[in-house]
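Below: one structure, written as structure tokens.
Laboratory data are not the source of any read-out in this text; all were calculated from the coordinates shown. Not measured: the values here are computed from a predicted model. We place every Cβ from the backbone using ideal geometry, glycine too, and count neighbours over all the protein chains shown.
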Amino acid sequence: MEIIAFNGKGGELLIRYLEAQVWAHVKRQVSKQFVQDKEGMKKLALGALRRIQKLPAMVKSFFKQQECRYAA
């Protein structure tokens with residue numbers, strides 16, 4: 001996978017869209033689990049983030065969303 005830097009407002013918007021997609025995915029994953037305390041939630045969220053990190057196809061899918069399509 002190649003990392004490309006985007007400058008200006010377009011780059012900021014792209015980053016915000018990608019962050020929103022990642023956190024939406026994490027929220028969906030965590031919401032499916034029973035959480036008893038703050039540490040449990042943190043553990044589940046970190047696990048979801050690590051899973052995304054290990055799945056390049058999932059990362060690429062975020063770029064294929066309508067809001068980010070121009071960068072793909």
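Sorted by mean Cβ packing within 10 Å, highest first, what order do the peptides 50-63, 14-27 take? List each step's numbers first, then the result.
Values: 50-63: 12.4, 14-27: 14.5.
Ranking, from highest mean packing down: 14-27, 50-63.
With θ set to phi - 60° and the Karplus curve 6.51 cos²θ - 1.76 cosθ + 1.60, what are the ³J(HN,Hα) couplings of the range 13-21 in order, to the nearest whole Hz, using x for Gly and Pro?
After applying 6.51 cos²θ - 1.76 cosθ + 1.60, I find 5, 4, 4, 5, 4, 5, 4, 4, 5 Hz.
Treating the beta-carbon of each Lys and Arg as +1 and of each Asp and Glu as -1, no other charges, what is the dipole magnitude of the range 9-68 about its Cα centre, to the nearest 20 debye? The partial results should precede the final answer.
Details: 13 positive and 5 negative charges, 41 e Å.
My answer is approximately 200 debye.
Relative contact order for the range 9-68: what percent, with Cα pairs under 8 Å and sequence separation of 6 or more? Walk me through the numbers on the way to the answer.
On the way: 24 pairs, mean separation 26.4, N = 60.
Result for the range 9-68 is 44 percent.
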